[in-house]
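Below is one structure; the comments refer to it alone.
The values are calculated or read from the model by the stated rules, or taken from the named source; none is laboratory data. Note that the structure is a prediction, hence the values are computed from the model and not measured. Backbone-built Cβ (ideal geometry, glycine too); neighbour counts: all protein chains shown.
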Amino acid sequence: MTVSTPRVGVIGGGQLARMMQPAAINLGIHLRVLSASITDSAAQVIPDTVVGSHEDWAALKAFALDCDVITFDHEHVPIQFLEDLQKLGVAVRPGPHALRFAQDKIEMRKVLTEAGIACPVWKEITSETELAEFGEVVGWPLVIKTARGGYDGKGVWVVKTLAEGTEIISKIQADGNRILAEELVPFTRELAAQVARSPHGQCVAYPVVQSTQTDGICHEVIAPCPNLDVERAAGAQAMAIKIADLLDVQGMLAVELFDTGTQILVNELAMRPHNSGHWSMDGAVTSQFENHLRAVLDWPLGSPAPTGPKTVMVNLLGKDIGDLHGAFRHVMARDPGIKVHLYGKEVRPGRKIGHVNATGDNIEALLQRAWHAADYLTGVIDE
């Protein structure tokens, strides 16, 4: 009897595609990746790698037509290309109708505001005069973002004066990008709510997590979020489900949130596995990577329930140490319960090169364990 193996194509060869591979192996899925280089993170571990650009229509088309469904490691594929693939009968998940709101922050703010979903005060800016008027409304400092292309702190500026803001918007306009201005939210902490949603509408919600950023890059996650009462946590999950249904997201959706103490506001959206969900690899019944694959194939979704009381994730951000494996003996011997995940990426200062997870009962103890492992692996400490 011939067995039909699902073929899932992932556009982008980064660490998110890489971390889909173990789940794909367990589920008997043939994973393919369209990667810019054979040395990219995912290309190192996925044998069926096609080298090509997501901005090359011929390469993208040839890749997609040899897959049952395509999905993404990033959100940067041109929407027109994705619409053209759909016309050729390719299953694109999430679809371009949803992805355009992850690609363009102004369009995202518009659709969420129209749906009554709480966001920071915002305005599209086209001139110095409009920026000055907005500053009078929300006060200074405020936040300026590029509508498209920003991630991990790139394309985001906190500006203290009109003169500083004017200089930045001039540079953005020179690059042909639109400009989003927002109030600087006085948040007490950042949260993330993740859901997986399938094409037929099944949706499961992961526990809301607390996320800590360093220079705009996620650095630490605690799951579930500590000291978040049940009603507010359920409200954040319901908000994420509402957004997933509203935009018809197919796959994983991460909703980054500001917690002001009295309000929970939407910061950003990501329609793919997300850094705030890496804890689920060792701390949930079904990881975000497995549920993403299940969702895009329209299979029943797995349980997002935690496997332990608490899980802490700490990112490994590159320092001056290039050989991470040299520190393995100490980290593994000192704490056999630590789970290390490396991305196979060249070490550069500030670059995400891996993460560690620790699961247990006591948050402070977990943070100490995870941070010791992360700091030792990256050379911050040597004992």
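Observations, loosely collected:
- Filter pass, Met281 being under 22 Å from Cys225 (Cβ atoms) and assigned to a strand (DSSP E or B): no
- Checking each residue in the range 261-278 for being assigned to a strand (DSSP E or B) and of a type outside the set (D, E, K, R) picks out Ile264, Leu265, Val266, Asn267, Leu269, Ala270.
- Among the residues of the range 266-285, those identified as surrounded by fewer than 21 Cβ atoms within 10 Å (Cβ to Cβ) and either under 25 Å from Glu183 (Cβ atoms) or without any contact (Cβ under 8 Å) to a residue 60 or more places away in the chain (or both) are Asn267, Glu268, Val285.
- Hey, Ala17 modelled with pLDDT of 95 or more, of a type in the set (A, V, I, L, M), more than 18 Å from the chain's Cα centre (by Cα) and surrounded by 16 or more Cβ atoms within 10 Å (Cβ to Cβ) or not: no
- Taken over the range 298-309, the residue count meeting the criterion of being farther than 13 Å from Tyr206 by Cα and either surrounded by 21 or more Cβ atoms within 10 Å (Cβ to Cβ) or touching a Pro at 6+ places or on another chain (Cβ under 8 Å) (or both) is 1.
- Flag set for Ile321, criterion: surrounded by 15 or more Cβ atoms within 10 Å (Cβ to Cβ), modelled with pLDDT under 95 and either on the phi > 0 side of the Ramachandran plot or outside the structural domain of Ile38 (by TED's automatic domain parsing) (or both).
- Scanning the range 334-383 for residues that are of a type in the set (Gly, Ala, Ser) and touching a Lys or Arg at 6+ places or on another chain (Cβ under 6 Å) returns Ala358, Gly379.
- Residue among Cys218, Cys225 that is modelled with pLDDT under 95 and under 18 Å from the mean Cα position of the chain (by Cα): Cys218
- Sole exception among (1) more than 28 Å from Leu247 (Cβ to Cβ); (2) at pLDDT 95 or above; (3) surrounded by fewer than 19 Cβ atoms within 10 Å (Cβ to Cβ) for Ala174, by number: (2)
- Listed by position, the helices (runs of 4 or more DSSP H) enclosed by the range 93-209 that each have at least 1 residues that are under 16 Å from Met271 (Cβ atoms), polar (S, T, N, Q) and not assigned by TED's automatic domain parsing to the domain that holds Leu246 are 96-103.
- Selection of the range 230-260 for residues being assigned to a loop (DSSP other than H, G, I, E, B) and either at pLDDT below 95 or aliphatic (A, V, I, L, M) (or both) yields only Val249.
Conditions tested, residue by residue: (1) within 29 Å of Val92 (Cβ to Cβ); (2) of a type outside the set (Asp, Glu); (3) part of a loop (DSSP other than H, G, I, E, B).
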site	(1), (2), (3)
Asn291	yes, yes, no
Gly326	no, yes, no
Met332	no, yes, no
Lys345	yes, yes, yes
Ile353	no, yes, no
Ala365	no, yes, no
Ala370	no, yes, no
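- Total residues in the range 351-378, condition among the aromatic types (Phe, Trp, Tyr) and over 17 Å from Gln210 (Cβ atoms): 1
- Picking from residues in the range 147-159 that are in contact (Cβ under 8 Å) with a residue 40 or more places away in the chain and touching a helix residue (DSSP H, G or I) at 6+ places or on another chain (Cβ under 7 Å), the one that is nearest to Val77 (Cα to Cα) is Arg148.
- Residue in the range 347-383 that is nearest to Asp282 (Cα to Cα), counting only those that are among the charged types (D, E, K, R) and without any contact (Cβ under 8 Å) to a residue 12 or more places away in the chain: Glu364
- Among (1) in the same structural domain as Ala234 (by TED's automatic domain parsing); (2) modelled with pLDDT under 95; (3) crowded, with 18+ Cβ neighbours inside 10 Å - the single one Gln213 does not satisfy: (3)
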